[in-house]
Amino acid sequence: MKLLLIKLQTSHEIEDALTYFSQEQVKALGVEARKRSDFEQAGWANDSTVVDFDDIENLPDDMEFIAYFDQERDPQDLIDQYKDKLTELESYGLDTGKKEISYDYVQDEDWNKVWQKYYHVLNFSRHLAIVPEWEEYQPEFPDQKVITLDPGLAFGTGGHTTTQLVMMALERSMTRPVKVLDVGTGSGILAIAASKLGAESVLATDISDEAVTAANENIALNKLNNIKVIKANLLKNINGKFDLILANILAEILFELIPDLNDHLAPNGKIIFSGIDYLQAEKVKQRLVENGFSVKTTMQEGRWVCLLIERNPE
């Protein structure tokens, strides 16, 4: 079986926007991003993008974004949709880079071999390490928690800044066993991290069938029995209240999520938002204030912002 590849030479600023558009709007089977900055940092120990420079072909000026589709899809129709999306993102003031779009075909097993070649152990922190299932890893600390992951075609390897910011906030927030809701779980990495850090239970949701399947497979790899994954659109049809709600999603989607948070947040509960471009952070904060919440902690790395949120006291 072959896969259709739509390739964009563009800017790293819009990686998350293109990921969401690819998975939710044009129904890509999966996505991949090759950023020049990743290769320039290839000598950093324990980085998840360590590569051999002799193997690098066509190093991108900024970022090459690749979306994978069934070979039966019409490449020109998809290219037109991506052109329209780039124009839309540019209208928001975002850098869209070169905006060159092309297509190609590849055997699906070839994609998997390439993926495994470039995805390595991410020794994230004192408490967490993310290890692809095909690699061996022995923690230096005997109590470091290992997340075994096979992201496949679902979004979420642990290498992206927005995911790492959530994991940092999780380590700060998980001071006791709590009930966690992970909205937009992707590969399930944050749900698994919450479980490994001591969550009482985790409900993980995603609108994508592929993500639900990938998350369940990764949960099984980690032999966890306190995580449930369901298909859902944000908080629609979600029952119950949670002590900690995670959402690593684009700011535009967080705007839709905020009005429903209060009904699902337990007393003294906390919320972690990530995936926020710094240009939109103040808008997100304002929307939170309007809905009775306050931001207790703001973390930023590069252009990405993560918020730790609580209800305003009555």
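We did not get these values from a lab; they are worked out from the coordinates using the rules stated. Just so you know, these numbers come straight off a predicted model, no measurement behind them. Cβ placement follows ideal geometry from the backbone for every residue including glycine, while neighbour counts extend to all protein chains displayed.
Give the shape of region 123-263 as rounded, prolate or oblate, defined through the alpha-carbon gyration tensor: a ≥ b ≥ c are the square roots of its eigenvalues, a/c under 1.5 means rounded, and otherwise the shape is prolate if a/b is larger than b/c and oblate if not. Taking the square roots of the gyration eigenvalues as a ≥ b ≥ c, region 123-263 is prolate. Structure remark: mean-square fluctuation, Gaussian network model of the chain, C-alpha springs under 10 Å; the largest value among Asp16, Asp104, Asp209 belongs to Asp104. One decimal place: the segment Lys228-Ile207 gains 6.1 nm when fully extended, by the rule 0.36 nm per residue minus the C-alpha distance. Applying 1/(1 + (r/R0)^6) with r as the Cβ-Cβ distance of Val106 and Glu135 and R0 = 25 angstrom yields a FRET efficiency of 0.60.
Extension gain, Glu200 to Glu282: 0.36 nm times the residue separation minus the Cα-Cα distance gives 26.2 nm. Based on alpha carbons, the Rg and Dmax found for region 178-230 are 9.5, 27 Å. For the chain, the longest principal axis of the Cα atoms and the long axis of helix 75-91 meet at an angle of about 50 degrees. Each DSSP beta bridge with both residues in the chain is either parallel or antiparallel, and the antiparallel ones are about 60%.
Across the chain, Cα pairs under 8 Å and at least six residues apart give a relative contact order of 14 percent.
The label point for Ile253 and the one for Thr175, both projected 7 Å from the Cα toward the Cβ, are 3.0 nm apart.
Once the chain from Asp80 to Asn262 is taken as fully extended at 0.36 nm per residue, the excess over their C-alpha distance is 61.6 nm.
With unit charges on the beta carbon (Lys/Arg positive, Asp/Glu negative), name the residue among Ala266, Val212, Ile309 whose Cα is farthest towards the positive pole of the charge dipole of region 209-314. Value: Ala266. Computed from Cα atoms, the angle from the helix 161-173 axis to the main principal axis of the chain rounds to 20 degrees. Once the Cα atoms of helix 209-221 and of the chain are each reduced to a long axis, what angle between those two axes, in degrees from 0 to 90 to the nearest 10, is obtained? Tilt relative to the chain: about 70 degrees. Taking the Cα centre of region 164-314 as reference, the dipole from Cβ charges on Lys and Arg (+1) and Asp and Glu (-1) amounts to some 380 debye. Could you check which residue among Leu165, Leu235, Leu78 shows the biggest mean-square fluctuation in a GNM of the chain with a 10 Å Cα cutoff? Top of the fluctuation ranking is Leu78. Pick from Glu13, Glu100, Glu133 the residue whose mean-square fluctuation is largest in a GNM of the chain, springs joining Cα atoms under 10 Å. Between Glu13, Glu100, Glu133, it is Glu100 that shows the largest mean-square fluctuation. The charge dipole of the chain, taken about its Cα centre with unit charges on the Cβ atoms of Lys, Arg (+1), Asp and Glu (-1) only, comes to about 1400 debye.
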